[in-house]
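See structure below.
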Ligand code: ADP
Ligand code: ZN
């Protein structure tokens, strides 16, 4: 299955992505994770990307398209993949269509209220060690999984959150109609428990492929 996960920052893409890849035979591709790793490793890509990311801006299309196309071309994507955070612009979606030999099966759009998104992002904490994501209210001290330090991502600071939501509305939301027109859009209400959302996701995926 070839899946794209669409949704505002804070809609829960990363969380649902992990559940989906543990249930279905698809490779998880998160451009955000790839970029954050590059920043951490101090590569040239990382240095380019960091300035955009901390401001909540998108990394330029030509950079991200190259990374995504290369990743999708690796052997572990032959049986399917789940794209999380890509495409984020119409140009990226068009480039993806061109790069694929086999068409996408479904685009899952996680729907969530904007106030909810602001609340979620403000209380998000990330483990410096293993990258797991937590809600501040749910944990005290270090990462329960690995003991790493829990931090607020630079792009989860209030100003960056505002900018990311603006960027989402301007540049990414048009993809909803792009994929609706392509006939492969499925909308999932992303409010409520993680498990409930995942049940809705599975219901949608049952009808695909
Ligand atoms: P979130 O979904 O929480 O906004 P991601 O982890 O998907 O976060 O992405 C973090 C940041 O990485 C984005 O704000 C952006 O700067 C950059 N990024 C990730 N994917 C893309 C993409 N497809 N195009 C441009 N920039 C991207
Ligand atoms: Zn950890």
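Each reported figure results from applying straightforward, stated rules to the coordinates on display, with no laboratory input. No experiment lies behind these values; they were computed from the predicted model shown. Positions of Cβ are generated from backbone atoms using ideal geometry, with glycine treated the same way; all protein chains shown enter the neighbour counts.
Taken over segment 1-82, the alpha-carbon convex hull comes to 103 cubic angstrom per residue. Working from Cα pairs under 8 Å separated by at least six residues, relative contact order for segment 59-209 is 28 percent. Computed packing ranks the peptides 79-86, 96-103 as 79-86, 96-103, most packed first, by mean other Cβ atoms within 10 Å.
Per DSSP H run of n ≥ 4, the term is -39500 (n - 2.57); total these for the chain, divide by its residue number, and report the mean residue ellipticity at 222 nm rounded to 500 deg cm²/dmol. One gets -14000 deg cm²/dmol as the mean residue ellipticity at 222 nm.
Computed over segment 108-209, the alpha-carbon pair-distance distribution with 10 angstrom bins reads 13, 33, 36, 17, 2, each value a whole percent.
Can you give the Rg to Rh ratio of segment 169-209, both from alpha-carbon atoms, with Rh computed by the Kirkwood formula?
1.05
Most tightly packed first, judged by the mean number of other beta-carbon atoms within 10 Å of their residues, the peptides 107-114, 128-135 read 107-114, 128-135. Scaling against 2.2 N^0.38 Å puts the C-alpha radius of gyration of segment 1-156 at 1.05.
Simple spin-label estimate for residue 91 and residue 51 gives 1.6 nm between the two label positions (7 Å along the Cα-to-Cβ direction from each Cα).
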